[in-house]
1. State the Kirkwood hydrodynamic radius of region 108-161 in Å, one decimal place, computed from all pairs of distinct Cα atoms.
2. With no solvent and one equal point scatterer placed on each C-alpha of region 262-354, evaluate the Debye formula and give log10 I(q)/I(0) for q = 0.16, 0.23, 0.24, 0.25 Å⁻¹, two decimals.
3. Measure out, as a whole number of angstrom, how far apart the alpha-carbon centroids of region 294-338 and region 78-122 sit.
4. Cut-off is 10 Å between beta-carbons; in what order do Asp234, Asp172, Asp218 appear when sorted fewest neighbours first?
5. Would you mind computing the Rg to Rh ratio of region 38-125 from its alpha-carbon coordinates, Kirkwood style for Rh?
6. How big is the Kirkwood radius of the chain, worked out from every pair of different alpha carbons and given in Å to one decimal?
7. With just the Cα atoms of region 326-374, tell me how far they stretch along each of the three principal axes, in Å, largest first.
8. Normalising by the residue count of the chain, find the relative contact order in percent from Cα pairs under 8 Å and 6+ residues apart.
Amino acid sequence: MGLPPGPRGPAVLTTLRFARRPVEMLRTWHARYGDLFTVKLTGFGIGVYVADPEAIRELFTGDQSDLRAGEANSFLEPVLGPHSVLVLDGPEHLRQRKLLLPPFQGSRVGAFREVTREVAEREVAGWRAGEELVLRERMRSLTFEVICRAVFGVTRPERVERLRQRLGAVIDSSPIFVLAAARKDLGPLSPGRRFAQRLRAADALLYEEIEERRREPDLEERTDVLSLLLRARDEDRHAMSNAELRDELFTMLGAGHETTATGLAFAFDLLLRNPPVLERLREEIAAGEDDSYLDAVVKETLRLRPVIDAAERTLTVPRTVAGWELPAGVKVYPGIALVHLREELYPQPHEFRPERFIDEGAESYAWLPFGGGIRRCIGAALAQAEMAEVLRIAVPAVQLGLLRERPDPVVLRGVTLAPKHGVRVMVQRATVPARSTVAAAV
Ligand code: HEM
């Protein structure tokens, strides 16, 4: 038993370095210590990063009952709730996951695409030449609305706005509220009291939406995720309770809107810094023959700029990983960002070359932006479809100029990797998105 080598020195220093430049630090440690290295991060305990795709394949296939992921997310429970698929482990996790998966599969993605196009058309139609935009902010607004409409099934603008205000107030609260001490109610003006009030207001609205949906006469025909979940039954023919539905709605919003928005901001940044790729994408969208290049742009963006640097599993029993016998209690981080930069898998790994996903494809366990195994992202197909549809609408309609000469440093924003300044651009030319192009292209 033993732990692979890794950066020494006080955990707090390692944590600060990682928080400032996460990807650079991971690359430095990978180069120095090899495919497995141990990192001690304040508040997270001992973790072993794994950059070897074969070892990751072993972790993500076969029996994974000795690996826990929900436990590590328990800090999210005060907001997401105890039934959230993200915070559960074992049989309870599998039950929620089985109920949640069908609405995100196969044919359902077509409806998501339609909703995304409508929302993106409205967003882009509001951009004016000469205007400055922070793309991550614009994309956050857009992806929030897509979740409201496609997942919650809420379409009336005033109701979307109400959700935006009340749920946004909770989601945008300071991350300090993960600490129980910060949530303490110390009187009417205390931050803890205000946070509890915001949470109650958001919950009241969600329960109202759930109850109203239950009473909708067309519930059986509706295709939004909430309606499908209201109709879903587990193996014992039990329906989901209102509390379970509330927790999963919050989870899908929490897990699904900021991640996709950040992925989109990165996509625009990479396209604007690589004019030949942008030009080819424009031509492919205009030709409207197939989506292979558009899909490859999305895949290459998520390879070069993964939004999550690593998955996370806690060992409940000792496990051998790439020859190291790791003790129980250790966290193992399948290193998404590191695998994506392996030279032998992706030649010239720092170049943005979508063709690599057309000409060569990608080996399994070499492309991991959505994690893997029994915890793989439930919204993976939706997120990729959403990113593709936003680009399909925006790229032909607008010309954007970057306001910063150098790419934004990639920093940690909560648990995600994000562009430090949000990708700031100037709208140079804007036209109303052409409906006919969209229709022809699909
Ligand atoms: C570009 C956008 C997205 C990225 C990069 C992303 C990435 C991830 C990653 C890395 C995980 C952890 C996987 C693991 O531990 O193996 C995850 C889990 C999850 N994601 Fe996403 N995600 C995105 C969008 C979405 C969307 C749109 C939704 C839903 C609407 C969603 C819902 C979830 C849920 C519910 C889980 C927990 C699954 C479980 O624990 O069983 N995600 N996501």
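Where a number appears in this text, it was derived from the coordinates with a stated rule and is not lab data. Fair warning: this is a prediction, and the values are worked out from it, not measured in the lab. Reconstructed Cβ throughout: ideal geometry from the backbone, glycine too, with neighbour counts over all protein chains shown.
1. About 11.9 Å, per the Kirkwood formula over Cα pairs.
2. Debye curve over Cα of region 262-354, log10 I(q)/I(0) at q = 0.16, 0.23, 0.24, 0.25 Å⁻¹: -0.74, -1.13, -1.19, -1.24.
3. 22
4. Asp218, Asp172, Asp234
5. With Rg and the Kirkwood Rh in hand, the quotient comes to 1.09.
6. With all distinct Cα pairs of the chain included, I get 23.0 Å.
7. Projected onto the principal axes, the Cα atoms of region 326-374 cover 42, 22, 14 Å.
8. The normalised contact order for the chain reaches 26 percent.
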